[in-house]
Amino acid sequence: MLFLRSLLFFLGQMVTAPIFTVIAFLALPLNPITRNVLISGWARSMLWWLRVTCNIRHKVTGLENIPQTPSIILGKHQSTWETFAFQAIFPPQVYVLKRELLWIPIFGWGLAMSSPIAINRSAGRAALKQLVELGSARLKKGFWIVIYPEGTRMAPHQRGKYHIGGAWLACQTQTQVVPVALNAGLCWPKGFMKKPGIIHMHIGKPIQAAGLKPDALNQQVENWIESEMVKLGQ
């Protein structure tokens, strides 16, 4: 039964992704924010489809902590689920991601039109400079920015090194940070199979970058997220 449910969800992704890619192309003349909202409709529809096919729901704590002004989201990354959920829960946003993702046929093309910040991770300090330049421009346009500080997906009960990029961007642009903890990997682990259940997401109070150095800000983010992960049984 789990395989059948997971297969139905996968088929739904494959059928609808080209449709939203076409919508993205048609939306090219529109304002970037409007185009982003239209493209993120796919993510919102996939959350619904995930509930229908795999019986995976979610519960969010801390919605009152979401600021009114563009911010930087630094969140735990356990699965593909949060890349969908953030688009449904937070204001229009762009992702900091490795540029190779834009080369994926259909998916990458649609992703490219959502105004992401595509970085060459092997470029070292040059990548940080590019992050600040592009990130500042996106924030001025009204976008939020999503960064996974551990840099890659972490399995439940695993913890990675929190990289400085997100905190560096926040301090350079004097932008508040919103930390997010979640346990999506329990229902959507790496691989094909998905397990029914409720995914819990905790949104923390904004952390102001003003007066903090990147290392200190990064440590505050890590401390909050990991303490919340313990509450989530992670």
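Here, each number is a calculation from the coordinates, and none is a lab measurement. Please read all numbers here as calculations on a predicted model, not as lab measurements. All Cβ positions, even for glycine, are placed from backbone atoms using ideal geometry, and neighbour counts span all protein chains on display.
ILE225: net charge of surrounding residues, Cβ under 10 Å, Lys/Arg +1, Asp/Glu -1, itself excluded? For residues surrounding ILE225, the net value is -2.
Peptide packing: for 88-99, 174-185, the average count of neighbouring Cβ atoms within 10 Å per residue gives the ranking 174-185, 88-99, highest mean first.
Ranked by the mean number of other Cβ atoms within 10 Å of their residues, highest first, the peptides 136-142, 194-200 fall in the order 194-200, 136-142.
A straight Cα-to-Cα reach below 21 Å connects LYS140 with the lysines LYS129, residues fewer than 8 places away in its own chain not being considered.
Within the chain, the whole DSSP H helices whose Cα atoms reach 15 Å or more along their own axis and whose mean Kyte-Doolittle score is at least -1.0 are 2-26, 41-54, 125-140, 214-231. Size check on region 119-185: the Cα extents along the three principal axes, sorted descending, read 35, 27, 16 Å.
Mind listing which chymotrypsin sites (Phe, Trp or Tyr not before Pro) in region 1-76 are in a DSSP loop and have 13 or fewer other Cβ atoms within 10 Å?
Answer by residue number: there is no such site.
Say the dipole of region 67-167 comes from +1 at the beta carbon of Lys and Arg and -1 at that of Asp and Glu; which of PRO70, GLY108, GLY166 then lies farthest toward its positive end? Selected residue: GLY166. Computed over the alpha-carbon atoms, the chain gives an Rg to Rh ratio of 0.95, Rh here being the Kirkwood radius from the mean inverse distance. How high is the relative contact order of the chain, in percent, with contacts defined as C-alpha pairs under 8 Å that are six or more residues apart? Value for the chain: 27 percent.
With 10 Å bins beginning at zero, the pair-distance distribution over Cα atoms of region 157-224 amounts to 19, 40, 25, 14, 1 %. Using the alpha-carbon positions of region 35-157, Rg (one decimal) and Dmax (whole number) come out as 14.8, 44 Å.
Think of it as helices only: each DSSP H run of n ≥ 4 in the chain is worth -39500 (n - 2.57), and spread over all residues that comes to -14500 deg cm²/dmol at 222 nm.
Sort 144-152, 223-231, 66-74 by packing, meaning the average of other beta carbons within 10 Å per residue, with the highest value first.
Packing proxy ranking, top to bottom: 144-152, 66-74, 223-231.
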